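The structure under discussion appears below in the form of structure tokens.
The values are calculated or read from the model by the stated rules, or taken from the named source; none is laboratory data. None of these values were measured; they are calculated from a predicted model. Ideal geometry is used to build each Cβ from the backbone, glycine not excepted, and the neighbour counts take in all protein chains shown. Each accessible area value is taken on the protein alone, full model and side chains, heavy atoms only, with ligands, DNA and RNA left out. Shrake-Rupley method; radii C 1.70, N 1.55, O 1.52, S 1.80 Å.
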Amino acid sequence: MELIRAPRVTLLARPQFQEPAHLPVQWKGEATDGERLAEFAGRLCYMSQHNPAGRTTAEYLRNILSQGHGSVFEHTTYVVLIEGISRSCSHELVRHRAGWGYSQLSQRYVDEAHAAFVMPPAIQGEAELEAAWARQVEAAQAAYVAAVEGLMARYAWVEDKIHRRKLAREAARSVLPNATEVKIVCSANVRAWRTMLELRLGEGAELEIRRMAVACLRVLQQEAPALFADFEIYPASDGSEAGRVGFHKV
Ligand SMILES: Cc1cc2nc3c(=O)[nH]c(=O)nc-3n(C[C@H](O)[C@H](O)[C@H](O)COP(=O)(O)OP(=O)(O)OC[C@H]3O[C@@H](n4cnc5c(N)ncnc54)[C@H](O)[C@@H]3O)c2cc1C
């Protein structure tokens, strides 16, 4: 049985900005396509492509953030693959609706007999708790395997094997714990990313989703620093990491 102790976040896709030849911007400073796309959208609102204040992209976007001109950030979308999070964590994640798209591993189609389980951060590091927790998820997985076998026999009359398996797995998954690992592809525009991160990095957020938000933020800050520069990761009072934002919900 595989136990997972930390999430893994992989960037899958970023925007490709194509500057229109008839509306060129006087860019200043280095920037990624996603950052330039946001700057382009902001400058279009005021037809300030000539960059009268001589701002770099980072300075320009910071000013847009400070004004709360949020729609500018809806054009730039980043797609990530998140692995090593629990079903309960993904259930919290998918509550974020505006500007988000999800594709999550299906427990109806995928055999969970060899699924991994995500150990909650609160349990990690305490040997007795870890051992008891591991026994419980192992027992749940054994119950799942037994339920699939029983249900496959019950539905033996269903000729289509794929449909029979689906009938068995969709019922048997009910005994799997919230800790079962899921993999999920998430698409979100920068405004939506920022709202989710602000809520889930806070010390009031549940520990596992907070840890996931920290991992997402690190990927996004590396990819597009000017769009996430006002977020700061800090050590929380409980010893884990949390984050705060400079410009609240644009
Ligand atoms: C610490 C914490 C504890 C929580 N506890 C619980 C809990 O006990 N039970 C529970 O059910 N949920 C809980 N949640 C989830 C929470 O209620 C939200 O569903 C979740 O954080 C998504 O936030 P959101 O709706 O702002 O995000 P999104 O859906 O991404 O929406 C972003 C923003 O768009 C606007 N918006 C989106 N949809 C609408 C709409 N239909 N009408 C008007 N404006 C809209 C709002 O301004 C919203 O903030 C908790 C969240 C946190 C962070």
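Taking region 99-127 as the search range and keeping residues that are in a loop (DSSP other than H, G, I, E, B) and in contact with a strand residue (DSSP E or B) (Cβ under 8 Å, 6 or more places away or on another chain), which one is farthest from residue 194 (Cα to Cα)?
In the first step, residues of region 99-127 are kept if they are in a loop (DSSP other than H, G, I, E, B); the result is 99, 105-116, 119-126.
Okay, now just the ones that are also in contact with a strand residue (DSSP E or B) (Cβ under 8 Å, 6 or more places away or on another chain), so 99, 105, 107, 112, 115-116, 119-120.
Numbers: 99: 11, 105: 25, 107: 29, 112: 33, 115: 31, 116: 30, 119: 27, 120: 25 Å.
Filtering first and then ranking leaves 112.
Please find, among 191, 173, the residue that is out of contact with any His (no Cβ under 8 Å at 6 or more places or on another chain), within 26 Å of residue 2 (Cβ to Cβ) and of a type outside the set (A, V, I, L, M, F, W, C). Walk me through how you get there before you give the answer.
Details: 191 fails: within 26 Å of residue 2 (Cβ to Cβ).
That would be 173, the only listed residue that is out of contact with any His (no Cβ under 8 Å at 6 or more places or on another chain), within 26 Å of residue 2 (Cβ to Cβ) and of a type outside the set (A, V, I, L, M, F, W, C).
Listed by first and then second residue, the pairs with beta-carbon distance under 7 Å, at least 6 apart or on different chains, first residue in region 13-30 and touching a residue at least 12 places away in the same chain (Cβ under 8 Å) and among the charged types (D, E, K, R), second open to solvent by 50 Å² or more (accessible area, probe 1.4 Å) and not in a strand (DSSP E or B), are 14/33; 28/55. Hey, any hits in region 221-239 for a residue that's in contact with a Phe, Trp or Tyr (Cβ under 9 Å, 6 or more places away or on another chain) and within 14 Å of the ligand (Cβ to nearest atom)? No - not one qualifying residue is present in region 221-239. State whether one or more residues within region 128-135 are among the small types (Gly, Ala, Ser) and in contact with a strand residue (DSSP E or B) (Cβ under 8 Å, 6 or more places away or on another chain). Taking every residue of region 128-135 in turn, at least one turns out to be among the small types (Gly, Ala, Ser) and in contact with a strand residue (DSSP E or B) (Cβ under 8 Å, 6 or more places away or on another chain). Which residue pairs have Cβ atoms closer than 6 Å, lie 6 or more positions apart in sequence or on different chains, and pair a first residue in region 195-224 that is under 13 Å from residue 238 (Cα atoms) with a second residue that is within 14 Å of the ligand (Cβ to nearest atom) and not in a helix (DSSP H, G or I)? From region 195-224, the pairs are 203/236; 203/242. Checked against (1) within 21 Å of residue 31 (Cβ to Cβ); (2) at pLDDT below 95, residue 193 passes all but a single condition, namely (2).
Residues in region 3-58 that are touching a His at 6+ places or on another chain (Cβ under 8 Å), buried (at least 16 other Cβ atoms within 10 Å of the Cβ) and part of a loop (DSSP other than H, G, I, E, B): 15 alone. Taken residue by residue, region 91-98 has at least one member that is in a helix (DSSP H, G or I) and within 14 Å of residue 187 (Cα to Cα).
The set of residues in region 176-220 being more than 9 Å from the ligand (Cβ to nearest atom), touching a helix residue (DSSP H, G or I) at 6+ places or on another chain (Cβ under 7 Å) and open to solvent by 40 Å² or more (accessible area, probe 1.4 Å) consists of 178 alone.
Test residue 53 against the criterion of being touching a Ser or Thr at 6+ places or on another chain (Cβ under 9 Å) and hydrophobic (A, V, I, L, M, F, W, C), and give yes or no. It would help to see each step written out before you state the result.
Working: touching a Ser or Thr at 6+ places or on another chain (Cβ under 9 Å): no; hydrophobic (A, V, I, L, M, F, W, C): yes.
Against the criterion (touching a Ser or Thr at 6+ places or on another chain (Cβ under 9 Å) and hydrophobic (A, V, I, L, M, F, W, C)), residue 53 does not qualify.
A Cβ distance below 7 Å, combined with a sequence gap of six or more or placement on separate chains, defines the contacts here; from region 96-122, residues that are among the aliphatic types (A, V, I, L, M) and open to solvent by less than 60 Å² (accessible area, probe 1.4 Å) reach residues that are more than 16 Å from the ligand (Cβ to nearest atom) and in a loop (DSSP other than H, G, I, E, B) in the pairs 116/2; 118/179; 119/5. Looking only at residues of region 59-83 that are over 22 Å from residue 14 (Cα atoms) and touching a residue at least 12 places away in the same chain (Cβ under 8 Å), we find that the one that is farthest from the ligand (Cβ to nearest atom) is 66.
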